[in-house]
1. Which residue is farthest from residue 340 (Cα to Cα), if the candidates are limited to the range 257-266 and must be touching a strand residue (DSSP E or B) at 6+ places or on another chain (Cβ under 6 Å) and surrounded by 17 or more Cβ atoms within 10 Å (Cβ to Cβ)?
2. Going through 115, 107, 102 one at a time, which residue ends up being in the same structural domain as residue 246 (by TED's automatic domain parsing) and assigned to a strand (DSSP E or B)?
3. With (1) modelled with pLDDT of 95 or more; (2) in contact with a helix residue (DSSP H, G or I) (Cβ under 9 Å, 6 or more places away or on another chain); (3) outside the structural domain of residue 374 (by TED's automatic domain parsing) as the list, and residue 276 as the residue in question, which single condition is left unmet?
4. Quick one: which residue in 69, 122, 103 is more than 14 Å from residue 27 (Cβ to Cβ) and touching a residue at least 24 places away in the same chain (Cβ under 8 Å)?
5. In the list 400, 391, 382, 395, which residue meets the criterion of being assigned by TED's automatic domain parsing to the domain that holds residue 371 and on the phi > 0 side of the Ramachandran plot?
6. Look through 71, 66 and report the one residue that is farther than 27 Å from residue 276 by Cα and either outside any loop (DSSP other than H, G, I, E, B) or modelled with pLDDT of 95 or more (or both).
7. Given the condition touching a strand residue (DSSP E or B) at 6+ places or on another chain (Cβ under 9 Å) and surrounded by fewer than 24 Cβ atoms within 10 Å (Cβ to Cβ), answer yes or no: does some residue in the range 421-437 qualify?
8. Among the residues that make up the range 167-175, is at least one of them modelled with pLDDT of 95 or more, surrounded by fewer than 18 Cβ atoms within 10 Å (Cβ to Cβ) and more than 20 Å from the chain's Cα centre (by Cα)?
């Protein structure tokens, strides 16, 4: 049965569906980046609020700025912007159709439709999930990268921008000039201080072409920090088969684990939905929540995914079942990451390690090592290397984290230990593979990538362990290196 408004009442009784009148929904949010995570997380919270008869004037309008977003738009519009979510617990599953999104804007080179829609007075929040590497941050300094060609273009052509940030600035210029007022810019990506990062990108880009507008944005708009958490795999044939088994024809279903968390600052200049009524948390300071999740869960994902990729283990759950990779996560997380993380209300770092261990081990979640290991040049500096730096300062062990970085260096050489090729899996793949091949004989070459490691090459406690483990991996194989670490 083709998913759509006309067939909602014909869905199987076991499938939850919207109880509210979708025709009566009015927009309040534009969300840029309509991937699986957004639909399983932020859109789900809003949908659940609508199920209670609330927030009916906060419906989502989807948007994208990349040409390949057009296919997602086509699929979603064909099914009235409905999505089927399948929750996969270890011992059970459940399905739900969410309806909080009501439109998807055309994908245009100059982003005209996006700019005009964000400029409309009914839009009070512009949110985004554009991946950790999408904010034009210099990896070494963490400052805004003004030299990127897309940023140069947007600064010189502010009315026809290429980037989401240029479009936001163009819309805010129209709103300021019309007296419409500001909107909240809400980042939903896995970045520490993600609201601050978004503020830096938007304000810095605006300042390049219109300093007066930049000041207005900085003083009038809100950029709340938030922490988002749920494991949401990519959709492929297996996921489509799951929803087809329910009798639903949905081209873009989403599978997700039976866990969600959303913690955010209550800083919304033009109002917000009452997300706390459906489980979200508003907090004055989200830093401790962010740090716990990014260091242990996102960092833990990198710990196991690079090893899994190298040893041809296809899924994260498979990594956790592996005799050496699962114990690698447990030891590194408990002894080298958790001691550097603060507790949050109701959760100690050790308890969070146990929670993440069980979530990673969920066999129903078919999350590929390739997806998790993607874009390591953004994820290692964001999720792993900060724990190395803190460990060196605090005097805690860093040997396991040095091993993880050595595994990443070996993985980026482009072949698995069984001889199969690793397809390009990073925006900087060519550079990484060249460095990895050089590091095969001279490990220090890898740490000389100062844009990622800064001065860590000059820290013997880390650099010596990295050197030793990378040489051991190349000489005796990864399993020998893992066994050596686990026995140490």
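1. Filtering first and then ranking leaves 258.
2. Being in the same structural domain as residue 246 (by TED's automatic domain parsing) and assigned to a strand (DSSP E or B) holds for just one of 115, 107, 102, which is 102.
3. The number of the failed condition is (2).
4. None of the others qualify; the one that does is 69.
5. When all the criteria are applied, what remains is 395.
6. 71
7. yes
8. For the range 167-175, residues modelled with pLDDT of 95 or more, surrounded by fewer than 18 Cβ atoms within 10 Å (Cβ to Cβ) and more than 20 Å from the chain's Cα centre (by Cα): present.
The values are calculated or read from the model by the stated rules, or taken from the named source; none is laboratory data. Everything quoted here is computed from the prediction, not taken from an experiment. Note that we place each Cβ from the backbone using ideal geometry, even for glycine, and neighbour counts take in every protein chain shown.
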